[in-house]
Amino acid sequence: MEQLRTIGRELAMGSQGGWGQSKEFLDLVKSIGEARSKAEEDRIISRELEHLKRRLADPDVPRRKMKELLLRLVYAEMLGHDASFGHIHAVKMTHDESLPLKRTGYLAVALFLDERHDLVILVVNTIQKDLRSDNYLVVCAALTAACRLIGEEAIPAVLPQVVELLAHSKEAVRKKAVMALHRFYQRSPSSVSHLVSNFRKRLCDNDPGVMGATLCPLYDLILEDPNSYKDLVVSFVNILKQVAERRLPTSYDYHQMPAPFIQIKLLKILAVLGSGDKQASGHMYMVLGDIFRKGDTASNIGNAILYECICCISSIFPNPKMLDAAAETTSKFLKSDSHNLKYMGIDALGRLIKINPDIAEEHQLAVIDCLEDPDDTLKRKTFELLYKMTKSTNVEVIVDRMIEYMINITDHHYKTEIASRCVELAEQFAPSNQWFIQTMNKVFEHAGDLVNIRVAHNLMRLIAEGFGEEDEGADSQLRSSAVDSYLRIVGEPKLPSSFLQIICWVLGEYGTADGKYSASYIIGKLYDVAEAHPTDDTVRAYAISAILKIFAFEIALGRKIDMLPECQSLVDELSASHSTDLQQRAYELQALLGLDKQAVETVMPADASCEDIEIDRNLSFLNGYVQQAFEKGAAPYIPESERSGVVIVGNYKAQDQQETSAHALRFEAYELPKPSLPLAVSQASISTPTTDLVPVPEPSYYKEDHQMSRSQPSGDSLSGEYGVKLRLDGVQKKWGRPDYSSSSTPSSSTSSQQATNGGASSEVGGSISSHALESSYGSKRQQGTEVSAEKQRLAASLFGKADRKAQAGRKAAKESPSTEKVAAANATPQPVKEQVIPSAPPPDLLDLGEPVSSSPPLADPFTQLEGLLGPASASPVVSETPASSSSKTPDLMSIFSDDVQTGLTSGSAEQPSLGVNVVAAKKGPSLQDALQKDATARQVGVTPTGNNPILFKDLLG
């Protein structure tokens, strides 16, 4: 407002020749005012902008002349033209020391720029400097610009200075500081949340203007959290009382009303604080009564205060005396000749009837007068009031008036709203089913395409179910009256599609039920509907289905009916239609005509549209087929919750799809070769993990443990393809898709670090990861079940379908414990028997040297097995000298000669950990020969350690 006053003041002074305004500026304003078209105005502004570009480019333009040029730029930009070339000159003028020029610069910048403009950063420093000025007018100009230009990022730069100005000696500065803080709160509430107490302090300011400015931010804060400001109710009431008693200076009066805008803001605040609070509302009754008694209905501002007082009374805890005073004032509004006051009276009456519906009875004539008023805005407001006043006793009158008004209006948006309200009132307060059907017919006839299709389904269900009682005669009469009404309406032109669907369905179901109309007559009417709408496939589908029902009912009754020639042509046409739905319905009709009476009664039973369809969720009718399949050797079905590895595979595929764009190379596993030599090992063959290059024989568990091999990771499944492989259990892959051993789950990573040769623990880790993910998947699915049940309860409370929804909820509740049991069973990992060893760091894949043990072995297997040999046989091995060893050439290849027979596989290593009994191999070398081979290995410098247990397979075999 202050910016507009400044523009008006500048323009007024320019028109009087003051402030050095030139004749060019006056001629510009005059020529624009006299322009006869927008094109002529655009030509004038374009010439002016070209002239201003040349003038602003001159570096010797006087400062006073620059002020006039900026005002002309403001004039051009306010008319919708681009004056961005002059924005920088406005920014420069804010730096001027002259107060008139500085204020003009701030005014231009506030109109040209916003908080997101790039030039705002050049103004922030100027605002900071001007906020510290000794001239309060400069400070006021800077605060006004800050409200417009300071965004969320720049608030901290000026916030401390604005807070300091709250204690300024000038009331104008304090008022603008409060307004600036309010603006900062609107931009970024978190930036000034710690300064809320300053608003409470300014509420007690000696200047009424500062106090009135503080009400605006307090109102926003109270809307967010009313309970935090309940202690201010007494303060607000006292302020309102002082204002109403005219204790403020007369300079705050407006049309002889004391500070009306402060009163209105206080009434809004009290309405929020007193809502549902009897104690807080008790403090307000006295001052509200004083306002009603002193209210002036001769002026608009007096009526505005009374209207706001009524809104406050309708929001706070109700009081009979206050309600009577509000009803009396509302009556004065309704009896006024002014449309504005009548509008206020209708709105106030709508608020009061929520508390006491009887208040509207004495204003019935006034409301009817508003309905017949030519003012469309007042009429719409009156219909909103009638919608709130509707009861079972007046629903017929109100709905009829609303339908009459709906027919005469052309606004589709408001017609949709009126139609939906008519439907809602008819469904809620319908006195009889016949009235409901007639009302729905009118609504569909005049606004059918604007009505929700759900309403059409509800109407069809009502006709099919009837009164819901055992009186079949009343139901038959209802359906017969519906058929009569639809046969009268069906011939009218331009019926909505949804209404035609209802007509076809009712005629097909009950057109010949009472024998009043022949089947040929009904079929002819349906044929006319189908022919009249050749482009509406939905209507034609309803029509051909209705014809099919009539033929079925006639055949079931043993009556012979001939196909009309025009109907036969329609069926032939639909049989060749591009719509598969229409084709299917046409072929179904032709097939039905060839069936006998018993078959037709089975396929199309009479009046079965409302019968509940029983759904066999267990598919018990397939039990015989399933039993036959079992007898033929078919495998039983495994539920998804019990399948092993299903979740892991799904996550693996999803991760693979996400990494498609990130990895260009793909490393796919080869097909697992079939084993040739089945082997078995004992539990003693399990030892500490290894990361060395070791010989690995082919797997022996492919056929025996096929179910377990399905969950084995693809990387470990290749162990039998070659004799030697690099053990990578627990090592994260750097290339290709991640394997199961690098899973992020703790159980999987721990198991993979403790893997034995052959990857036994790797599979255990994968199994544990599978169970863990399966458990999480089951918990999520259970949570989804709970949410859906809650939604069902909410839907039941909203739409009134409590019976079915409650049964469904109880059924879901019964099924949920079993789901939890399955998930808990899947989440429990199998106990794993494995040795606790210090974890070794992952090997360097690029280090091709000899492996170095990171920690000393816990025990030397040779020391433990020395007792197996006799003293005579053991002494040569221990006391062998280097001379004797050099004379004998060691045969290193003989150490691995029996690897094929005694090797350890990943599958066999896994079996003991999973509790599978493994029988030791019956054949193998003797222990003495094995120790001899080990002594030879020691001679050539190979030291047996716990990190390479494969070298000792002969000993453990």
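Specify the residue that is least open to solvent (accessible area, probe 1.4 Å); the eligible residues are those in the stretch 24-75 that are part of a loop (DSSP other than H, G, I, E, B) and under 19 Å from residue 108 (Cβ atoms). Here the answer is 61.
On inspection, residue 394 fails the criterion of being free of Cβ contacts under 8 Å to residues at least 60 places away in the same chain and closer than 23 Å to residue 264 by Cα.
Table: residues versus (1) under 33 Å from the mean Cα position of the chain (by Cα); (2) touching a residue at least 40 places away in the same chain (Cβ under 8 Å); (3) over 24 Å from residue 551 (Cα atoms).
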| site | (1), (2), (3) |
| --- | --- |
| 431 | no, no, yes |
| 456 | yes, yes, yes |
| 476 | no, no, no |
| 494 | no, no, yes |
| 512 | no, yes, no |
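Of the numbered criteria (1) within 27 Å of residue 138 (Cα to Cα); (2) aliphatic (A, V, I, L, M); (3) within 52 Å of the chain's Cα centre (by Cα), the one residue 45 fails is (1). Taken together, 244, 213 contain a single residue that is touching a residue at least 40 places away in the same chain (Cβ under 8 Å) and in contact with a helix residue (DSSP H, G or I) (Cβ under 6 Å, 6 or more places away or on another chain), which is 244.
Does residue 302 fit the bill of being in contact (Cβ under 8 Å) with a residue 24 or more places away in the chain and touching a strand residue (DSSP E or B) at 6+ places or on another chain (Cβ under 7 Å)? Break it down stepwise before answering.
Values: in contact (Cβ under 8 Å) with a residue 24 or more places away in the chain: yes; touching a strand residue (DSSP E or B) at 6+ places or on another chain (Cβ under 7 Å): yes.
Spelling it out, residue 302 is indeed in contact (Cβ under 8 Å) with a residue 24 or more places away in the chain and touching a strand residue (DSSP E or B) at 6+ places or on another chain (Cβ under 7 Å).
Quick check, is residue 254 among the aromatic types (Phe, Trp, Tyr), farther than 27 Å from residue 230 by Cβ and open to solvent by 40 Å² or more (accessible area, probe 1.4 Å)? In short, yes. Every condition in (1) more than 24 Å from residue 577 (Cβ to Cβ); (2) out of contact with any Phe, Trp or Tyr (no Cβ under 6 Å at 6 or more places or on another chain) holds for residue 483 except the one numbered (2).
Helices (runs of 4 or more DSSP H) wholly in the stretch 329-445 with at least 1 residues that are over 23 Å from residue 295 (Cβ atoms) - which ones?
On the way: elements: 339-352, 364-371, 376-389, 395-408, 412-429.
The helices (runs of 4 or more DSSP H) meeting that bar are 364-371, 376-389, 395-408, 412-429.
Just one residue in the set 179, 211 is more than 26 Å from residue 114 (Cα to Cα), of a type in the set (A, V, I, L, M) and part of a helix (DSSP H, G or I); that residue is 211. Quick check on residue 516: is it open to solvent by 70 Å² or more (accessible area, probe 1.4 Å), among the basic types (Lys, Arg) and either over 44 Å from the mean Cα position of the chain (by Cα) or closer than 20 Å to residue 459 by Cα (or both)? For residue 516, the condition - open to solvent by 70 Å² or more (accessible area, probe 1.4 Å), among the basic types (Lys, Arg) and either over 44 Å from the mean Cα position of the chain (by Cα) or closer than 20 Å to residue 459 by Cα (or both) - is met.
Selection of the stretch 534-559 for residues being in a helix (DSSP H, G or I) and β-branched (Val, Ile, Thr) yields 538, 539, 544, 547, 550, 555.
Within the stretch 556-585, can you find the residues that are hydrophobic (A, V, I, L, M, F, W, C), open to solvent by less than 60 Å² (accessible area, probe 1.4 Å) and under 53 Å from the mean Cα position of the chain (by Cα)?
Keep residues of the stretch 556-585 that are hydrophobic (A, V, I, L, M, F, W, C), which gives 556-557, 561, 563-564, 567, 570-571, 574, 576, 582.
With open to solvent by less than 60 Å² (accessible area, probe 1.4 Å) added as a condition, the list becomes 556, 561, 563-564, 567, 570-571, 574, 582.
Once the filter is applied, which keeps residues that are hydrophobic (A, V, I, L, M, F, W, C), open to solvent by less than 60 Å² (accessible area, probe 1.4 Å) and under 53 Å from the mean Cα position of the chain (by Cα), the stretch 556-585 yields 556, 567, 570, 571, 574, 582.
Take the residues of the stretch 586-609 that are hydrophobic (A, V, I, L, M, F, W, C) and part of a loop (DSSP other than H, G, I, E, B): which is surrounded by the most Cβ atoms within 10 Å (Cβ to Cβ)?
Looking at residues that are hydrophobic (A, V, I, L, M, F, W, C) and part of a loop (DSSP other than H, G, I, E, B), I get 604.
For first residues located in the stretch 572-589 and more than 10 Å from residue 544 (Cβ to Cβ), partners that are of a type in the set (Val, Ile, Thr) and surrounded by fewer than 20 Cβ atoms within 10 Å (Cβ to Cβ) and lie 6+ apart or on another chain with Cβ distances below 6 Å do not occur.
Of the residues in the stretch 514-554, how many are of a type in the set (D, E, K, R), without any contact (Cβ under 8 Å) to a residue 40 or more places away in the chain and within 25 Å of residue 494 (Cα to Cα)? Talk me through it step by step, then tell me what you get.
Quick first cut of the stretch 514-554, residues of a type in the set (D, E, K, R) only: 514, 516, 525, 528, 531, 536-537, 540, 549, 554.
With without any contact (Cβ under 8 Å) to a residue 40 or more places away in the chain added as a condition, the list becomes 514, 516, 525, 528, 531, 536.
Adding the requirement that they be within 25 Å of residue 494 (Cα to Cα) leaves 525, 528, 531, 536.
Going through the stretch 514-554 one residue at a time, the tally reaches 4.
Just one of the listed residues (237, 196, 233, 173) is more than 43 Å from the chain's Cα centre (by Cα) and either assigned to a helix (DSSP H, G or I) or under 17 Å from residue 273 (Cα atoms) (or both), and it is 173.
Does residue 391 satisfy being under 39 Å from the mean Cα position of the chain (by Cα), on the phi < 0 side of the Ramachandran plot, among the basic types (Lys, Arg) and at pLDDT 90 or above?
Numbers: under 39 Å from the mean Cα position of the chain (by Cα): yes; on the phi < 0 side of the Ramachandran plot: yes; among the basic types (Lys, Arg): yes; at pLDDT 90 or above: no.
Taking the combined requirement at face value, the residue does not satisfy it.
Scoring residue 521 on the criteria (1) more than 42 Å from the chain's Cα centre (by Cα); (2) open to solvent by less than 30 Å² (accessible area, probe 1.4 Å); (3) of a type in the set (Phe, Trp, Tyr) leaves a single failure, condition (2). Condition (residue is among the aliphatic types (A, V, I, L, M), modelled with pLDDT under 90 and open to solvent by less than 40 Å² (accessible area, probe 1.4 Å)) applied to the stretch 491-498: is it met by at least one residue? Looking for residues that are among the aliphatic types (A, V, I, L, M), modelled with pLDDT under 90 and open to solvent by less than 40 Å² (accessible area, probe 1.4 Å), one finds at least one in the stretch 491-498, hence yes. Here residue 177 fulfils each of the conditions (1) farther than 30 Å from residue 232 by Cα; (2) buried (at least 21 other Cβ atoms within 10 Å of the Cβ) apart from (1). Quick check, is residue 216 of a type in the set (A, V, I, L, M, F, W, C) and part of a loop (DSSP other than H, G, I, E, B)? No: the conditions fail for residue 216.
If you scan the stretch 76-97, which residues turn out to be open to solvent by 40 Å² or more (accessible area, probe 1.4 Å) and either within 41 Å of the chain's Cα centre (by Cα) or free of Cβ contacts under 8 Å to residues at least 40 places away in the same chain (or both)? First the steps, then the outcome.
Taking the stretch 76-97 first, the residues open to solvent by 40 Å² or more (accessible area, probe 1.4 Å) are 77-80, 82, 84-85, 88, 92, 95, 97.
Matches in the stretch 76-97: 77, 78, 80, 82, 84, 85, 88, 92, 95, 97.
For residue 134, the test of being part of a helix (DSSP H, G or I), open to solvent by 30 Å² or more (accessible area, probe 1.4 Å) and charged (D, E, K, R) is failed. Buried (at least 16 other Cβ atoms within 10 Å of the Cβ), of a type in the set (Val, Ile, Thr) and within 38 Å of the chain's Cα centre (by Cα) - does that describe any residue in the stretch 364-372? No, the conditions are met nowhere in the stretch 364-372.
The values are calculated or read from the model by the stated rules, or taken from the named source; none is laboratory data. Keep in mind the model is a prediction, meaning the values are calculated, not measured. For neighbour counting, all protein chains shown are included, and Cβ atoms are generated from backbone atoms with ideal geometry for every residue, glycine included. Ligands, DNA and RNA are stripped out before the accessible areas are found, and what is left, the full protein with its side chains, is counted by its heavy atoms. Shrake-Rupley method; radii C 1.70, N 1.55, O 1.52, S 1.80 Å.
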